[in-house]
Amino acid sequence: MKKEAWRREAASYPLSGEMPTRYTDMDVWQHMNNCALINLHGEAVHHALHTLFGPRAWRDGEPVVGYLASTTDFIAQAYYPDPLSWGARVVGIDERGLRIATALFQRGQCVSLHEALLAGWADGRPVALAPDQLSVLRAARIEGAERLHEGDCLRPGGTAPRLEHFRWQRPIALRFGDSDARRLPSDAWLGRCAEQMRIEFLTEIRGESRRARRGGMMIAHANLRWHRRDAPAAQWQMGCGIARLGERSVVVRGALFQDDTCVAECDSIMVFFDHATQRTATLDEADRAALEPWLLRAVPNALD
């Protein structure tokens, strides 16, 4: 996305507004946490949905229109307490669902880009949008809506992995606040879960010696993808590994499971970073030796 120049221009987004940053949005590096930025993109997406479907759609709409997948680029660091400006633009609809692009700006600079793929949700599974929802999109002249017909089926994207595909496995508890207003596991929870999973995984496999290293890692890109959205159990299982290992970056891939069923997947592109120079760095031999044994082989996924 970041190579598409229009996405970085505030004027490209017909819907816009401003959001405050919060002290609790910062992380230990004293800049805005990546999950906080993803959540603010989500807020911009819901503003776009309110504009299309009305202010009560999130409460009454059937099927529930919710995230199927999202892609986020982190371009620059954002800081508290300056507010963030947001822009949203509906970029089309296809057999997978409705696509909405958003961007966040601070002091006139684009700090993050996001695209959400939204679908209807019923009985825990993604489904096609209802006829009245399609009518709204046609009336708004959303690109692609005119090609869809009543009864069109949502085409599933890719094959979900199984827990046994991952050597690294850990449980993670779900809290009451991890469900959204429609009793589905929330998008905010998925972002936090992806973050916690990769931190636990990388901390464990890199060992305590990582603290003595000059460099670290920072997230540049995140992909999140739901497979099921049922009422959540008290505990899920996490599975994690390395999808790709480059000279300056690594793709950490994880999946979440409830009762042996994959409910979501996540990819995080982590860039190696030299804190002294504030620049990207090449992967050192100690990190390569720690990461290579965890490369995933022939694991099905819906992210590539």
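The values are calculated or read from the model by the stated rules, or taken from the named source; none is laboratory data. All values derive from a computational prediction rather than experimental measurement. Here the Cβ positions follow ideal geometry from the backbone for every residue, glycine too, while neighbour counts run over all protein chains shown.
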Identify the residue in region 201-236 that is out of contact with any Pro (no Cβ under 6 Å at 6 or more places or on another chain) and of a type in the set (S, T, N, Q) and, among all such residues, is modelled with the highest pLDDT.
-> N223
Across region 88-97, the tally of residues that are crowded, with 19+ Cβ neighbours inside 10 Å and more than 10 Å from E143 (Cα to Cα) stands at 3
Is there any pair with a first residue in region 238-264 that is in contact (Cβ under 8 Å) with a residue 12 or more places away in the chain and a second that is hydroxyl-bearing (S, T, Y) whose Cβ atoms are under 6 Å apart and which are 6 or more apart or on different chains, and what are they?
-> E247/T282; R248/T280; R248/T282; V252/S268
Restricting to strands (runs of 3 or more DSSP E) lying wholly in region 1-115: which have 3 or more residues that are among the hydroxyl-bearing types (S, T, Y) and in contact (Cβ under 8 Å) with a residue 24 or more places away in the chain?
-> 64-74
For region 201-304, list the strands (runs of 3 or more DSSP E) that sit wholly inside it and hold at least 3 residues that are touching a Phe, Trp or Tyr at 6+ places or on another chain (Cβ under 8 Å); which are they?
-> 215-226, 235-245, 249-258
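Going by the conditions given, is R170 at pLDDT 95 or above, part of a strand (DSSP E or B), among the basic types (K, R) and in contact with a helix residue (DSSP H, G or I) (Cβ under 8 Å, 6 or more places away or on another chain)?
So R170 passes the test.
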Residues of region 264-281 being hydroxyl-bearing (S, T, Y) and farther than 22 Å from L295 by Cβ, which ones?
-> T277
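Of T51, T71, which residue is β-branched (V, I, T), under 28 Å from M270 (Cα atoms) and in the same structural domain as L15 (by TED's automatic domain parsing)?
Details: T51 fails: under 28 Å from M270 (Cα atoms).
Selected residue: T71, the only one of T51, T71 that is β-branched (V, I, T), under 28 Å from M270 (Cα atoms) and in the same structural domain as L15 (by TED's automatic domain parsing).
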Mind checking whether some residue in region 107-129 is of a type in the set (S, T, Y), surrounded by 21 or more Cβ atoms within 10 Å (Cβ to Cβ) and closer than 24 Å to S268 by Cα?
-> yes
Hey, any hits in region 270-283 for a residue that's surrounded by 18 or more Cβ atoms within 10 Å (Cβ to Cβ), among the hydroxyl-bearing types (S, T, Y) and either in contact (Cβ under 8 Å) with a residue 24 or more places away in the chain or under 24 Å from C193 (Cβ atoms) (or both)?
-> no
